[in-house]
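The values are calculated or read from the model by the stated rules, or taken from the named source; none is laboratory data. Small disclaimer: the values here were computed from a predicted structure and weren't measured. So basically every Cβ, Gly included, is an ideal-geometry build from the backbone, and we count neighbours across all protein chains shown. Please note that ligands, DNA and RNA were not included when accessible areas were found on the heavy atoms of the full protein model with its side chains. Shrake-Rupley method; radii C 1.70, N 1.55, O 1.52, S 1.80 Å.
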Amino acid sequence: MYRVVLDTCTLVPGLQRDFLLQLATEGAYTPLWGTGILAELDYTLAALDARRGISGSESRRRRLMDQMRHAFPGAEVDSPKDRAYAYDVADPDDGHVAHAAIMGKADAIVTDDKRAGFTTATALIEAGIDTITPKLFAANTVAAHPQAGVAALKAMAGRRQNPVQSSPEILEQLVLRYEMHEVADLLNPIVEVH
């Protein structure tokens, strides 16, 4: 099964995170993340909630991390952010992501981070680890597993209560927020049927 490290920037946007993780739940791929990625996710979400004046952030973040660990028990790779790594990434602060990918035997890193230098890092190239954006990864995954895409949207629609959202409405939001046009082109014809 295709194995990918989901970088912090991929996991921060809630709807995108929900869709990508639901695709994994449907068996379309195997997600991975490092302990450093989870630490970054936690403090990034905390900062966003603080800026927005949202209370109860700590318990929601803890619940999210617990849900991710429970749903994907083998996904977490020991790769703390505060350790020095000898990978030749452009941004040394992203060495933990490269480490998670190499130690997790990933096929790819899903990220929007162009500054990290994953595409030119010799260690990642030699390990055959690609770098792909979230929208392209979602499109490729849905192209390979369209029924997983439909099932992911249905599961998400079943959880959306405030406000209630249908599968087509969630798909529309994925396009508006994350430019997942290819995903919509692939799923719109079959989501409407189901």
(message) Just to be sure I follow the definition: excluding the sites themselves, where is the longest run in the chain that has none of the GluC sites (Glu not before Pro) in a DSSP loop with at most 13 other Cβ atoms within 10 Å?
(response) 1-178
(request) Could you state the accessible area per residue of the stretch 7-104 in Å², with a 1.4 Å probe and every protein chain left in place? (result) 46 Å²
(request) For every other residue with a beta carbon closer than 13 angstrom to the beta carbon of residue 9, add +1 if it is Lys or Arg and -1 if Asp or Glu, then tell me the sum. (result) -3
(request) Extending each Cα 7 Å along its Cβ direction at residue 93 and residue 143, get the distance between those two points in nm, one decimal. (result) 3.3 nm
(request) Indicate, rounded to the nearest 5 percent, the antiparallel portion of the DSSP beta bridges found entirely in the stretch 1-129. (result) 0 percent
(request) Please report, largest first and rounded to whole Å, the three semi-axes of the ellipsoid equivalent to the stretch 1-77, where each semi-axis is the square root of five times an eigenvalue of the C-alpha gyration tensor. (result) 22, 12, 11
(message) Taking amide H atoms as placed 1.01 Å from N in the peptide plane, list the residues 5 or more away in sequence, or in a different chain, whose amide H sits under 5 Å from that of residue 3.
(response) 30, 107, 108
(request) Determine the calculated [θ] at 222 nm for the chain from helices alone, applying -39500 (n - 2.57) to every DSSP H run no shorter than 4 residues and normalising by the residue count; nearest 500 deg cm²/dmol. (result) -17500 deg cm²/dmol
(request) For Cα Rg over 2.2 N^0.38 Å, several values are listed as [x] 1.02; [y] 1.10; [z] 1.24; flag the one computed from this structure. (result) [x]
(message) Over the Cα atoms of the stretch 45-147, each weighted equally, I'd like the Debye log10 I(q)/I(0) at q = 0.11, 0.12 Å⁻¹, rounded to two decimals.
(response) -0.45, -0.54
(message) With +1 on the Cβ of every Lys and Arg and -1 on the Cβ of every Asp and Glu, and nothing else charged, how large is the dipole of the stretch 70-116 about its Cα centre, in debye rounded to the nearest 20?
(response) 80 debye
(request) For residue 34, list long-range residues whose amide hydrogen, built 1.01 Å from N in the peptide plane, is under 5 Å from its own amide hydrogen. (result) 77
(request) Summarise the accessible area of the chain (1.4 Å probe, protein heavy atoms) by the percent that is carbon and sulfur. (result) 52 percent
(request) Any lysines with Cα under 25 Å of the residue 154 Cα? List them, leaving off those in the same chain fewer than 8 positions away. (result) 135
(message) Residue by residue through the stretch 49-56, what is 3J(HN,Hα) from phi via Karplus (6.51 cos²θ - 1.76 cosθ + 1.60, θ = phi - 60°)? Round to whole Hz and write x for glycine and proline.
(response) 5, 5, 4, 8, x, 8, 8, x
(request) Report, ordered by chain and residue number, the lysines lying within cross-link reach of residue 81, taken as a straight Cα distance under 21 Å and ignoring same-chain residues fewer than 8 apart. (result) 105, 114
(message) What are the ³J(HN,Hα) couplings of the stretch 22-27, residue after residue, when phi is run through the Karplus curve with 6.51, -1.76, 1.60 and θ = phi - 60°? Round to Hz, x for glycine and proline.
(response) 5, 4, 5, 4, 7, x
(message) When 1/r is averaged over all different Cα pairs and the result inverted, which Kirkwood radius in Å belongs to the stretch 115-162?
(response) 13.2 Å
(request) Compute the FRET efficiency between residue 43 and residue 1 as 1/(1 + (r/R0)^6), taking r as their Cβ-Cβ distance and R0 = 22 Å, and round to the nearest 0.05. (result) 0.10
